[in-house]
Structure formats: structure tokens, C-alpha cells
Amino acid sequence: MDEFYIKVRSDLHKIPEIAFNEHKTSAYIRDFLKKLNIKYIEIGTSTLAIFQGKKDIWVGFRGDIDGLPIKELNDKPYKSINEGMMHACGHDGHTTNLLYTAKWLQEQIKNGKTLEKSVMLIFQAAEEGKGGAQVVADSDFFKEKKFQGLFALHVAPDVEQGKIGCICGPISFQNINFDITIIGKGAHGAQPHKGIDSIYIGAKLIEAYQLIVAREIDPIEPIVLTIGSFKAGEVRNIIPEKVEILGTIRFANTDLIEFLTKRVESINAGFERAYGIKIKMMFKAFYPPVINSEKLFNVLKEVVPKEKFIDNIRLTGSEDFSFYLQEGNQGLLFLLGIKTKEFNSALHTATFDMDPRALELGFKIFRDIMLKLEVLK
């Protein structure tokens, strides 16, 4: 098992590809499935491995496959060979884990085990900001299936290796993505009175948004507002006409969506009147929160030894796994600890890495969930 995880994860780590462009990664997955005579269907660069059981009741497991546009700084034999791209969120590990699950399941069937229920292994494209899960979830093939449960794991570098973290209810946050363009009036840096300083106004606008979080929302509500990009100007002595800002808001309580939308629109209108500028904004609620089913949470607790289980832990990020759970499907996302003295860099950083052997616990949980749900007999 160790050799499998080390080799396959290394193979995948070398070839990260960004959302909806995972052509080599998909080819690797499909090649693997073909060699094992496992049926699959293709939905773009997503691949659904299908194990048809006696009953048309389905249990699904998701592993995401895309990388990020980050230049890797790790100097390892398996480092990325795709310039400017990296598996900085552990999706290569998720894919490795799901491939081993496919291999194990096919071996069980060949060895005479009966597949009582049907299993779908979802090798999903474009989790990182593009909502690849929605493409799969909206497909006729997926929608016609009756699921007993859908499961996914996410590696967690802030959870000790060998531990599992989870929570009943919301485990990941709703996100709102926003793109802002502020149009002021350009001027010479030595004559600011002849222009409208879009940089200054942009800074004040960010302050105003942060004030919503700090002073207008109940402190017990978990909410984070982050500006990830602020672009303006090229020259030190020219006040640029335009500023472009990219940001995101993450929170658990979806009732806040309407309030946040109205407050941001109100602030923008006030800034336009006060400063004589124009603000263009795209403000879109995207990934819903993942709400862990109580029933499936209890299944997880039964298959994870008590000494390995950490309750009441969640992601502050968002996860498109939530799209699979929008039409009444029950689901569960749990966190797989990978933190060690050597491997402790955060997700989405250029030095993120993991010991692939940590993934074995993830497989064992997927396996034991199938056994608990009597998928195999």
C-alpha cells in the first residue's frame, strides 16, 4: 500500500493542471481505470468510475483533481514539472486515495464479494474556484441516481497526521466572490487636485467593507472578508484612473447573503456620490456551505477509533462538494490530518507538501464506510 501511495501521488504531483484543463491528469486516471477494467464515464475532464451493484442505491465518493496557479518552491524529486502550476491543496492526494479505493473495490468483486449497492467514484475537475462539482451534479447521469450518501475527504495540514476532524452541520463556509472596478480620474502625481484618486478611494472602500464584519454582524457569527488583489497604476508619479480589486467573503450562515449584498451596494452608492467616481461590481454568492448530514456523521464516528477522532472542527474555506448536496442528497466531508514536524505548510502555499502514507487512513475510512453501509457482502 505504501508503495502505491508514494508512486501514484508522486506521478500526479508532477503534472498539476488548473481548473477544466486537467487533460494529462484525466488521462492518467482513465488509463488506470481501463487497466483494471473499471467502467467509467467522462464529463469534460471529470471522470466517474461506476460499480453497478444489485440495487440501484448509490454511495458516492469524491476526489478533486485540479491544481493551482502557484510556482512550487519545494525541491523534491516529485516537484511540479508544469511551470507556474502546483498541487498546493492536496488534490493529488485526494485523487491517489480514490484510485486506491477503485483498485480495492475491483479486487473485492474479483475475489467473489457481492456488490449489494452501487458505487460511484467521482474524480472531479475544477474544484478551485470554478465549481466543477456543479457540472457533475447538473449532469443527467448524476441526477438520475438515488444516493444513500456522498462522501469526501480533504487533507488538513493543521490537523495531526493520523487524526480525523469533522463536525455535524456546516463544515465549510458559503463564499461570495466579488470583483470591483473603481473609475476615478487620472492626474499627474504632483497635481492631485486635478484628478480623482482611485487608489485612495479604493483603500477607503476596503476599510468600509471590513467595518461591516467588525461592527454590523454579531460577533458570534463566523465571517471572514479578504481582499486578495488590488491592482492600480504603473508609474510612481501618475494617479491612475482605474483600480481593480478582487475579494471574497466566507461565512456559515446563508441568511447573511441578502444583508451583505445590500450593504455593499449601499456603500458603493455612497462612495460614488461622495467622491464623484463610478464603481462597477460583480458580487456573486458561489459555493454554498457543505452541511454534514447527522446520519452520515454518526456513521463516520462509528468507523473512526475514538482516539483518532477530533469533533467540532471545520474548514473556514469553501468547498464545491456542496453542489452534490443541493437536491436533497445527504453528504459528509471530513478532514484527514497530515501535519507532522516535516510537513506543516498551509494549503495554497508554494511549500505545501505531505507524506503520501498519511492517505492510507483516508482509504480505510472510505472502505469501512462501505462496509458499514453494507455495500459489499
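Values computed for the structure shown
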item	result
222 nm mean residue ellipticity, helices alone, for the chain (DSSP H n ≥ 4; -39,500 (n - 2.57); rounded to 500)	-10000 deg cm²/dmol
For 293, 80, order by how many other beta-carbon atoms lie within 10 Å, fewest first	293, 80
Net charge of neighbours whose Cβ lies under 12 Å from the Cβ of residue 36, counting Lys and Arg as +1 and Asp and Glu as -1	+4
DSSP bridge orientation in the stretch 16-159 - percent antiparallel, rounded to nearest 5	45
19 Å Cα-Cα reach of residue 295 towards aspartates and glutamates, excluding residues that sit fewer than 8 places from it in its own chain	311, 327, 368, 374
Bridge type composition, the chain - antiparallel percent by DSSP, nearest 5	65
Relative contact order %, the chain, counting alpha carbon pairs below 8 Å whose residues are six or more apart	25
Stretch gain in nm, segment residue 158-residue 11, where the contour uses 0.36 nm per residue and the Cα spacing is subtracted	50.4 nm
Computed label-point distance, nm, for sites residue 74 and residue 109 using a 7 Å Cα→Cβ extension	3.2
Sequence-separation-based contact order of the stretch 75-231, relative, with Cα cut under 8 Å and 6+ spacing, percent	12
3J(HN,Hα) from dihedral phi, the stretch 217-225, Karplus parametrisation 6.51/-1.76/1.60, rounded to Hz, x for glycine, proline	10, 3, x, 7, 7, x, 8, 9, 10
Non-local Lys pairs in the stretch 174-285, i.e. 8 or more apart or on different chains, that have alpha carbons under 12 Å apart	6
Segment residue 236-residue 372, extension gain: residue separation times 0.36 nm, minus the distance between their alpha carbons	42.5 nm
Translational D in µm²/s for the chain (Stokes-Einstein at 20 °C, 1.002 mPa s, Kirkwood Rh from C-alpha pairs)	96
Footprinting exposure proxy for 118, 198 (fewest neighbouring C-beta atoms within 10 Å first)	118, 198
Computed magnitude of the charge dipole of the stretch 174-285 (debye, nearest 20; Cβ of K, R +1, Cβ of D, E -1)	420
C-alpha long axis of helix 2-14 to longest principal axis of the chain, angle in °	30
Backbone HN-Hα couplings from phi across the stretch 132-142 [Karplus 6.51/-1.76/1.60, Hz, Gly and Pro as x]	x, 4, 5, 4, 5, 5, 8, 6, 4, 4, 6
Neighbour-count order for 168, 89, fewest beta carbons within 10 angstrom listed first	168, 89
24 Å Cα-Cα threshold exceeded, pairs from 35/110; 24/55; 39/117; 163/341	24/55
Rounded to 10°, Cα long-axis angle of helix 198-215 versus longest principal axis of the chain	60
Built amide H within the under 5 Å cut-off of residue 241, gap 5+	186
Per-residue ³J(HN,Hα) for the stretch 175-185, Karplus 6.51 cos²θ - 1.76 cosθ + 1.60, θ = phi - 60°, Hz, x for Gly and Pro	10, 10, 9, 9, 10, 10, 10, 9, 10, x, 9
Theoretical gain in end-to-end length, residue 83 to residue 307 [0.36 nm per residue, Cα-Cα removed]	76.5 nm
Percentage of interatomic Cα-Cα distances in the stretch 174-285 larger than 23 Å	31
FRET efficiency estimate (nearest 0.05) - Cβ-Cβ, residue 255 to residue 1, R0 51 angstrom	0.70
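Taken together, the values in this text are just the output of simple stated rules run on the coordinates, not laboratory data. Remember, it's a predicted structure, so these values are computed and weren't measured experimentally. Note: ideal-geometry Cβ built from the backbone for every residue, glycine included; neighbour counts use all protein chains shown.
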